[in-house]
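One structure below.
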Amino acid sequence: MSVPAIELDGVSLAFRDTPVLEDVNLRVEANDYLAILGPNGCGKTTLLKVILGLLRPDRGRVLVQGRRPEKSRGTLGYVPQHARFDLDFPIRVIDVVRMGRLAARPLFRPLGDADHKIAQRELERLEIADLALRPIGSLSGGQLQRVLIARALTLEPKVLLLDEPTASLDERIGVSVFELLKELSQEMTVVLVTHDIGAISQSVRNVACLNRTLHCHPTKELTSEILEATYGCPVELLAHGQPHRVLGPHGDES
């Protein structure tokens, strides 16, 4: 039996006695394309950090490629929700992408020609090679997102994790990002998190819903019952790529 790309068993984590993740169980197979859906503040980013080994759970087991996350970091690519660099800093796109290779090299060893070739290859794969010499601060939102994905891919990961990859992008560009991730899932496992129901594309193969606890669904189809259990209120689903509406009184609404 093949080793799953990601496996969580009974994972729980609290911050200052406030539960963030409760008894999370998850198994993601190699080359899966999984979307984890949930409202803001439900623990999605925390879950990614647990998988990355940046946070250690209070209880439970986490394995990536059959090993503890800290032993698997060379196989993990990560695209954060917010790019943590100064867009006014005079750095070129190619240099940002090359930075992804630093995690694959011994400490203090400079990047070489091979690293530059890998960075150039990923720029070409994401169809942004023409941006290589552009200042990073001059890019549009969609271009910047592709640069950040290219940076993660230079590590040549087995698993690619993305935090809200279509946030702040218009629908057309967001769909193109989802289709790109579908192509990448032919080579690696892709897991993304989002709070936007409308962002879930038909290209995603499986969906899990998170709101402290995790509900996995071996299908890309979402039902109103699944979403009501996750969001705690009635939800009417429309078509993929269309807005959704929350219906009826709920919570403290009179």
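Within the range 100-116, the set of residues being more than 25 Å from GLU179 (Cα to Cα) and either assigned to a helix (DSSP H, G or I) or basic (Lys, Arg) (or both) comprises LEU102, ALA103, ALA104, ARG105, ARG109, ASP113, ALA114, ASP115, HIS116.
ASP58 fulfils the conditions (1) open to solvent by less than 40 Å² (accessible area, probe 1.4 Å); (2) over 20 Å from the mean Cα position of the chain (by Cα); (3) of a type outside the set (Lys, Arg) except for a single criterion, (1). Can you find a residue in the range 72-85 that is among the aliphatic types (A, V, I, L, M), under 15 Å from the mean Cα position of the chain (by Cα) and surrounded by fewer than 16 Cβ atoms within 10 Å (Cβ to Cβ)? Checked the range 72-85: at least one residue is among the aliphatic types (A, V, I, L, M), under 15 Å from the mean Cα position of the chain (by Cα) and surrounded by fewer than 16 Cβ atoms within 10 Å (Cβ to Cβ).
If only one of VAL190, VAL147, VAL159 is farther than 22 Å from THR46 by Cα and among the β-branched types (Val, Ile, Thr), which one is it? Only one candidate qualifies: VAL147.
Hey, among the residues in the range 38-55 that are on the phi > 0 side of the Ramachandran plot and without any contact (Cβ under 8 Å) to a residue 40 or more places away in the chain, which one's surrounded by the most Cβ atoms within 10 Å (Cβ to Cβ)? This residue is GLY53.
Rundown of residues vs (1) modelled with pLDDT under 85; (2) in a strand (DSSP E or B); (3) open to solvent by less than 40 Å² (accessible area, probe 1.4 Å), yes/no style:
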{"position": "GLN186", "(1), (2), (3)": "no, no, no"}
{"position": "ALA208", "(1), (2), (3)": "no, yes, yes"}
{"position": "GLU221", "(1), (2), (3)": "yes, no, no"}
{"position": "GLY241", "(1), (2), (3)": "yes, no, yes"}
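Among the residues of the range 188-200, the ones that are hydroxyl-bearing (Ser, Thr, Tyr) and either in contact with a Pro (Cβ under 8 Å, 6 or more places away or on another chain) or in a helix (DSSP H, G or I) (or both) come to 1 in all. Of all residues in the range 132-184, those being assigned to a strand (DSSP E or B) and open to solvent by 10 Å² or more (accessible area, probe 1.4 Å) number 1.
Condition first: in contact (Cβ under 8 Å) with a residue 40 or more places away in the chain and of a type in the set (Val, Ile, Thr). Can you find one or more residues in the range 96-118 that meet it? Among the residues of the range 96-118, at least one is in contact (Cβ under 8 Å) with a residue 40 or more places away in the chain and of a type in the set (Val, Ile, Thr), which makes the answer yes.
The values are calculated or read from the model by the stated rules, or taken from the named source; none is laboratory data. As the structure is a computational prediction, the values presented were derived from the model and not from experiment. Methodologically, a virtual Cβ is constructed for each residue, glycine included, from the backbone with ideal geometry; neighbour enumeration extends over all protein chains shown. SASA here: full protein model, heavy atoms, side chains in, ligands and nucleic acids out. Shrake-Rupley method; radii C 1.70, N 1.55, O 1.52, S 1.80 Å.
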